[in-house]
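The values are calculated or read from the model by the stated rules, or taken from the named source; none is laboratory data. In this text the structure is predicted, and so the values were computed from the model without any measurement. Cβ placement follows ideal geometry from the backbone for every residue including glycine, while neighbour counts extend to all protein chains displayed. Accessible surface is based on the protein model in full, side chains and every heavy atom, while ligands, DNA and RNA are left aside. Shrake-Rupley method; radii C 1.70, N 1.55, O 1.52, S 1.80 Å.
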Amino acid sequence: MKRIDAHQHFWQYDPIKDDWITTGMEVIRRDFMPQDLWPLLAQNKIDGCIAVQASQSEAETAFLLKLASEHDFILGVVGWTDLRAPDLEEKLKVYSNEKKLKGFRHILQTEDLRSFLADGRFARGLAILEDSPFTYDFLVYHHQLKEILPIARRFPTARFVLDHLGKPDLKSGEIKQWKADLIALGGLPNVYCKLSGLVTEGDWAHWQPSGLAPYLDGCMEAFGTARLLFGSDWPVCLLATSYSQWLSVLESHFDRLTSKEKAQIFGGNAARFYRIE
């Protein structure tokens with residue numbers, strides 16, 4: 001079974017497009033391309049990856065698809081398109097010709113979700129997406145989990161995945177509400193969860209694996225081993241850790257699982273969710 005990194009990014013750094021890379025994030029203020037990632041995948045015995053959008057434009061989708069066409073180890077792309085667009089159905093028909101395009105994502109964490117969802121255009125888009133082969137990545141903060149729950153419930157045959165464990169508040173240590181909301185989402189069989197992006201939600205310089213354990217256990221309780229996907233969130237993870245260290249943390253934490261369960265988390269679930277042959 002292939003070992004798959006279900007969440008990483010590529011970009012050619014631009015200070016205007018990538019204005020989210022602020023002071024203190026200099027380590028990722030440069031280009032990150034396939035030739036930078038492949039040695040890390042090979043070193044860590046990862047067979048391939050899913051490249052996820054980092055900016056909100058269809059040019060970003062085209063950029064990632066071009067990279068995927070040039071590098072076999074990029075097994076799939078999660079791009080961006082405007083789900084609120086009136087011509088969404090036509091766009092998805094065109095995109096259906098792109099075999100490596102697996103799904104879409106919008107950076108919902110930056111939105112006022114009540115306003116964003118109020119006019120119904122996003123829900124209409126998800127209804128169209130539900131009848132397509134494409135998946136949808138939810139990128140939200142912990143306090144927004146309650147707002148995506150009714151969306152996921154409304155479209156029971158759509159395939160959703162929650163990025164970065166729903167971004168729990170590691171800095172405050174609050175876990176009770178996050179866990180309750182995660183368990184509610186995990187109760188929906190069409191929702192998966194990515195084990196990615198956790199270290200960057202805490203103290204970048206002083207985090208310890210022991211401090212992550214309750215959150216990883218919470219994900220296990222909510223989703224089980226059949227709906228958890230390993231993701232590195234490279235290169236964003238470099239703000240707090242290395243590729244190898246993050247993978248090692250996860251492998252150590254889940255070492256108690258059976259070989260089959262570990263194979264699911266570190267590749268099998270990603271292949272099934274993103275329909276990778």
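Scan the range 149-157 and give yes if some residue there is under 15 Å from the mean Cα position of the chain (by Cα), surrounded by 16 or more Cβ atoms within 10 Å (Cβ to Cβ) and without any contact (Cβ under 8 Å) to a residue 60 or more places away in the chain, otherwise no. Talk me through it step by step, then tell me what you get.
Let us first name the residues in the range 149-157 that are under 15 Å from the mean Cα position of the chain (by Cα), namely none.
No, the range 149-157 has no match at all.
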Discussion item. Just the residues that are among the hydroxyl-bearing types (S, T, Y) and part of a helix (DSSP H, G or I), please, taken from the range 169-217.
Written reply: T200, S210, Y215
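On the given criteria, is D163 out of contact with any helix residue (DSSP H, G or I) (no Cβ under 8 Å at 6 or more places or on another chain) and crowded, with 21+ Cβ neighbours inside 10 Å? Working first, answer last.
Numbers: out of contact with any helix residue (DSSP H, G or I) (no Cβ under 8 Å at 6 or more places or on another chain): yes; crowded, with 21+ Cβ neighbours inside 10 Å: yes.
Spelling it out, D163 is indeed out of contact with any helix residue (DSSP H, G or I) (no Cβ under 8 Å at 6 or more places or on another chain) and crowded, with 21+ Cβ neighbours inside 10 Å.
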Discussion item. Restricting to the range 52-76, name every residue that is free of Cβ contacts under 8 Å to residues at least 40 places away in the same chain and not in a helix (DSSP H, G or I).
Written reply: S57, H71, D72, F73
Worksheet item: Would it be correct to say that L239 is open to solvent by less than 20 Å² (accessible area, probe 1.4 Å) and either out of contact with any Asp or Glu (no Cβ under 8 Å at 6 or more places or on another chain) or at pLDDT below 95 (or both)?
Response: no
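This table checks each residue for (1) touching a Leu at 6+ places or on another chain (Cβ under 6 Å); (2) over 22 Å from K146 (Cα atoms); (3) open to solvent by 60 Å² or more (accessible area, probe 1.4 Å); (4) not aliphatic (A, V, I, L, M).
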site: E201; (1), (2), (3), (4): yes, no, no, yes
site: Q208; (1), (2), (3), (4): no, yes, yes, yes
site: G211; (1), (2), (3), (4): no, yes, no, yes
site: G231; (1), (2), (3), (4): no, yes, no, yes
site: E251; (1), (2), (3), (4): no, yes, yes, yes
site: D255; (1), (2), (3), (4): no, yes, yes, yes
site: T258; (1), (2), (3), (4): no, yes, yes, yes
site: I276; (1), (2), (3), (4): yes, yes, no, no
